[in-house]
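Values quoted throughout were computed directly from the atomic coordinates according to the rules given, and no laboratory measurement underlies them. Keep in mind the model is a prediction, meaning the values are calculated, not measured. Every residue, glycine among them, receives a Cβ derived from its backbone with ideal geometry; neighbour counts consider all protein chains shown.
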Amino acid sequence: MRSFPKIRRQIETTTTKFFVVFVLFFVFGFSTGFAQTRQTYVPVQRDRVVSEQRVASADAGSTANPLPFRNDASGRHLRAILDTVELILRPVGGSSMMFNPSLRPIIDERRVKWQQAFDTIGTLARLINTDNLARAYYFYGQGMIYRDQAWSGLLGRDSSIVVAQQAIRHFESYIQIGLGNPATVYESLAMMYFDFLRNSARALEYLDRSISLNPRHVYAYVSKAQILRNIGRLLEACQVLRQAREIEPLQMIEMMMRGLECQ
């Protein structure tokens, strides 16, 4: 008959082995599930600050809506349509979150909003061959909706890249028409090229165009500094942040400068 100490040691050994196996199984299962979840997670735009309360700078060309206004019946109709699209999108955009089944109600609600926006701007489709301003409004409005989809964080990475490319195509089509001051559009294009297509050269090119069109567009400077920081050009990033701070001493600029240890 086995002695009690031997039985106790055997029990302790078996328990220890079971515990180790359980821990390994748990860690492996968690890491695998996390990796699978990451595939549907749109990378948060690094630590890019997207303010829900962006205000236009003092420059007249820096408003959120870069399109010119034509003060006649058709012009007021165009602006009303674009204002409706912006109103539909306003409660939709601005957040990045992890895709999971519990977000299904939010996703469904946003899809309805996007469809409403597409339907609204789509009423201009019949005018794009006869009215150049309507054409500009149409391409800009479509770009806004696709941009909102790409940056919502609800579509998964692959789908977000596809809709970001759609936003880029429509915004670039708007720019080619040559109406308005597309400084803010260039900034949006730059961040989509960098966030989704990993094209830092094109992103910096578009940000330079944005700044040349509106030297007081402070968010273009901030976006440029973020890209320069992420590609390792830290001294240039600090220089751009100093320029931005001279325009508007925002708190996020000070935070970025402290993070980069700018002198």
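Legend: ranking of residues E172, E187 from fewest to most surrounding C-beta atoms inside 10 Å; resulting order E172, E187.
By the equivalent-ellipsoid construction on the alpha carbon gyration tensor, region 220-263 comes out with semi-axes of 15, 11, 8 Å, ordered largest to smallest. Once the mean of 1/r is taken over each pair of separate Cα atoms and inverted, region 140-219 shows a Kirkwood hydrodynamic radius of 12.6 Å.
Using +1 on the beta carbon of Lys and Arg, -1 on that of Asp and Glu, and nothing else charged, what's the dipole of region 184-263 about the Cα centre, debye to 20? Don't skip to the answer; put the middle values down first.
Details: 10 positive and 9 negative charges, 22 e Å.
Taking the Cα centre of region 184-263 as origin, the dipole is about 100 debye.
Each part reduced to its alpha carbon centroid, region 121-139 and region 174-210 end up 22 Å apart. Taking 0.36 nm per residue of separation and subtracting the Cα-Cα distance, full extension of the segment from R70 to N199 would add 42.8 nm. The fraction of all Cα pairs in region 67-177 landing in successive 5 Å bins from 0 to the largest distance is 2, 12, 21, 23, 18, 11, 7, 4, 1, 0, given as whole percents. The modelled label-to-label distance between E254 and I106, using points 7 Å beyond Cα along the C-beta direction, is 3.1 nm.
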